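To start, the structure under review is shown below, and the notes come after it.
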Amino acid sequence: QVQLVESGGGLVQPGGSLRLSCVASGSIFATYHMGWYRQAPGKQRELVAGITSGDSTNYVDSVKGRFTISRDNAKNTVYLQINSLKPEDTAVYYCNARKYAWFGLLEDYWGQGTQVTVSS
């Protein structure tokens, strides 16, 4: 019903920057809560940043001040601006879309992921 496609990952040096993009199609983008998750080798997937349909944002402590999530509803796109990259940021980054009803989670979709590698 909803398709998510991430892009923007790559190999960067410590201290560098990247901007990840996630384009959604198949439904009404503006009604979904969007998030970026990441999963490093041997570790569990974690929520990095989230943005609600009302533009409220939240971040995991390890990325506060370095990562910025934003959305452009006219383009059906959510972004993750990543600055001051560290080797520990290396992971596959996934885009997530969720819709909630009054009784709980109604819809949950995931992109295929984009690799971010931070190395000198």
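The values are calculated or read from the model by the stated rules, or taken from the named source; none is laboratory data. Everything numeric here is computed off the predicted structure, so don't read it as measured data. Note that each Cβ is placed from the backbone with ideal geometry, even for glycine, and that neighbours are counted across all protein chains shown. The protein model used for the area step is the full one, side chains on, heavy atoms only, and it has no ligands, DNA or RNA in it. Shrake-Rupley method; radii C 1.70, N 1.55, O 1.52, S 1.80 Å.
Descriptive notes on the structure:
- Within the range 1-64, strands (runs of 3 or more DSSP E) holding 1 or more residues that are farther than 24 Å from W102 by Cα and hydrophobic (A, V, I, L, M, F, W, C): 3-7, 10-12, 18-25, 46-51
- Residue count for the range 75-91, restricted to those that are open to solvent by 10 Å² or more (accessible area, probe 1.4 Å) and touching a residue at least 60 places away in the same chain (Cβ under 8 Å): 6.
- The residue of the range 70-92 that is nearest to E6 (Cα to Cα), among those that are in contact with a Phe, Trp or Tyr (Cβ under 6 Å, 6 or more places away or on another chain) and either in a strand (DSSP E or B) or among the aliphatic types (A, V, I, L, M) (or both), is L80.
- Selection status of N83, within 21 Å of F29 (Cβ to Cβ), polar (S, T, N, Q) and modelled with pLDDT of 95 or more: no
- Within the range 92-120, the residues that satisfy the criterion of being without any contact (Cβ under 8 Å) to a residue 40 or more places away in the chain and either open to solvent by 30 Å² or more (accessible area, probe 1.4 Å) or among the hydrophobic types (A, V, I, L, M, F, W, C) (or both) are A101, W102, F103, L105, L106, D108.
- Per-region count, the range 16-38, residues among the basic types (K, R) and surrounded by 16 or more Cβ atoms within 10 Å (Cβ to Cβ): 1
- Check on D72, of a type in the set (D, E) and either in contact with a Gly (Cβ under 6 Å, 6 or more places away or on another chain) or exposed (fewer than 15 other Cβ atoms within 10 Å of the Cβ) (or both): yes
- Taking first residues from the range 5-25 that are of a type in the set (K, R) and partners that are assigned to a loop (DSSP other than H, G, I, E, B) and open to solvent by 60 Å² or more (accessible area, probe 1.4 Å), no Cβ contact under 8 Å between residues at least 6 apart in sequence or on separate chains turns up.
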